[in-house]
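Quick notes on the structure that follows.
The values are calculated or read from the model by the stated rules, or taken from the named source; none is laboratory data. Here the structure is a predicted model, which means the values were calculated and not measured. Neighbour counts run over all protein chains shown; Cβ positions are idealised from the backbone, glycine included. Surface areas here come from the heavy atoms of the whole protein model, side chains and all, with no ligands, DNA or RNA. Shrake-Rupley method; radii C 1.70, N 1.55, O 1.52, S 1.80 Å.
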Amino acid sequence: MPQLTDLLFYGFAALTLLFGFLCVANPLSRNPVTSAMFLVLTIISMAGLFILLHAFFLAAVQVLVYAGAVMVLFLFVIMLLDLKEEERRKLRKFTVGLGAVAVAAIAGILIKATLSAVPLAAGKAVEGNTKPLGVALFTQYLLPFEILSILLLVAMVGVILLSKKELK
Amino acid sequence: MSDMIQAGLQHYLIVSVLLFSLGLFGVLARRNLIVIYMGLELMLNAANLALVAFSHFNANLNGQVMVFFIITVAAAEVAVGLALIVALYRKRSTAHVEDLTSLKY
């Protein structure tokens, strides 16, 4: 008898894959805005999977950072570019076919490797709350954390420099 | 039989593999730089899902800290990448990889 969490897993997994497919290969619309909206839905369904895995903090970060900040950035840039251009272009059937074959091969190899692995006995669950993650971040992972803040600063300076009209 | 239905590590890994494949397919098949970027995001998210699943089933928090780092680096990467796309669009008025072939010839 399947448990409720298992049913939720199948539901969220199906939603994630469906929305992910509609994001990259929507048969009805090639509009980048549609893709971006389906990417938001993919990310929110993935936050559901994170909650099922007891990663509560990461689920919140996923929604805030990805579905919030990153997607707003995407939509801003899409609005700056020419939307109609993408729909005018034809996809090359040959390239898409070759890409599908290559991707199917890679997916087949990875799934084969996953299935042939020895299954792990479930350990006792860790709760991915804010407190244990924060303790880990500020003790064991303090140096990577600080490097990351410098990386964000560098990225910010780089973006400002890149988006200036004229480089002198 | 109940082992097959119960969502274990392998189920999550298979979802992760499929999501990664979708992202890779987007990168290979689409020609718009923005949509290619969305494919990249899907691949990063698939890796995150695998890491969180490993973290949960190993009862070890390190995987989740890694995912936190990946999310931050991905945010920085998206900001820089989209700024590059905008700069490119200003210069060449295109965001399609087919038009960006000057290195090829």
- Query: Would a scan of the stretch A:37-48 turn up a residue that is more than 7 Å from every other protein chain (Cβ to nearest Cβ) and more than 20 Å from A:L17 (Cα to Cα)?
  - Reply: no
- Among residues of the stretch A:66-115, those that are β-branched (V, I, T) and touching a strand residue (DSSP E or B) at 6+ places or on another chain (Cβ under 7 Å), counted: 0
- What residue, among those in the stretch B:23-36 that are over 17 Å from A:M71 (Cβ atoms) and assigned to a helix (DSSP H, G or I), is farthest from the other protein chains (Cβ to nearest Cβ)? B:V27
- Query: In this structure, does B:H56 turn out to be in contact with a His (Cβ under 8 Å, 6 or more places away or on another chain), part of a helix (DSSP H, G or I) and open to solvent by 10 Å² or more (accessible area, probe 1.4 Å)?
  - Reply: yes
- Out of (1) touching a Leu at 6+ places or on another chain (Cβ under 9 Å); (2) assigned to a helix (DSSP H, G or I); (3) facing chain A (nearest Cβ under 7 Å), what's the single condition that is false for B:A7? (2)
- Task: Answer with yes or no whether A:L110 is under 30 Å from B:K91 (Cβ atoms) and either among the hydrophobic types (A, V, I, L, M, F, W, C) or crowded, with 21+ Cβ neighbours inside 10 Å (or both).
- Result: no
- Message: Need the failing condition index for B:S93 against (1) open to solvent by less than 20 Å² (accessible area, probe 1.4 Å); (2) polar (S, T, N, Q); (3) more than 7 Å from chain A (Cβ to nearest Cβ), just the number.
- Response: (1)
- Message: Report every pair of residues separated by at least 6 positions or lying on different chains whose Cβ atoms are under 6 Å apart, first residue within the stretch B:28-54 and under 16 Å from A:F38 (Cβ atoms), second among the polar types (S, T, N, Q).
- Response: B:V35/A:S35; B:M38/A:S35; B:A46/B:S16
- Just wondering, is there one or more residues in the stretch A:123-134 that are free of Cβ contacts under 8 Å to residues at least 60 places away in the same chain and among the aliphatic types (A, V, I, L, M)? no
